[in-house]
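The values are calculated or read from the model by the stated rules, or taken from the named source; none is laboratory data. None of these values were measured; they are calculated from a predicted model. Areas reflect the complete protein model, heavy atoms only, side chains present, ligands, DNA and RNA absent. Shrake-Rupley method; radii C 1.70, N 1.55, O 1.52, S 1.80 Å.
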Amino acid sequence: MTTPRPRIVDLSETEPNTRRGGDLRAMLTPTAVGAKSGFMGLAIVQPGERIGEHYHPYSEEFVYVVSGRLEVDLDGETHPIQPDQGLLIPINMRHRFRNVGDVEARMVFHLGPLAPRPKLGHVDTEETDGLEGAGQAMTPQRTEAVS
């Protein structure tokens, strides 16, 4: 088995993913850098936007707010989260994020371990078709097939 070489990934190299609200950019993924234990990305959420409620049946999610003011609902309970604060979201916990400020919010996220198949990694619990900026799905892959 070949060890992947370190690779710097620029945000401009990633595709916007707006299907679930906000702009989710999967940056350090199995496809992009050969990651085996999880993946990392950046969520960009404009004022008034939200990332629809969902949960991860196989992965913990680590988040770190870089800028902006967000609220996170964790199994229906709302909590404020702001720059320089981090949060661990346990496996199977429903969560959604809302930008409650008047400037763009940016949040780094990491999920691990990877689900056995990408389609099993994320379960939506609310309709997101009406969210502003609806677009494509984010499905990080274990192989070089499709990201």
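Structure above, values below:
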{"read-out": "Exposure of R96 as accessible area (Å², to 10), given a probe of 1.4 Å and all protein chains", "value": "40"}
{"read-out": "The range 23-122: translational diffusion in µm²/s, Stokes-Einstein, Kirkwood Rh over Cα pairs, 25 °C, 0.890 mPa s", "value": "180"}
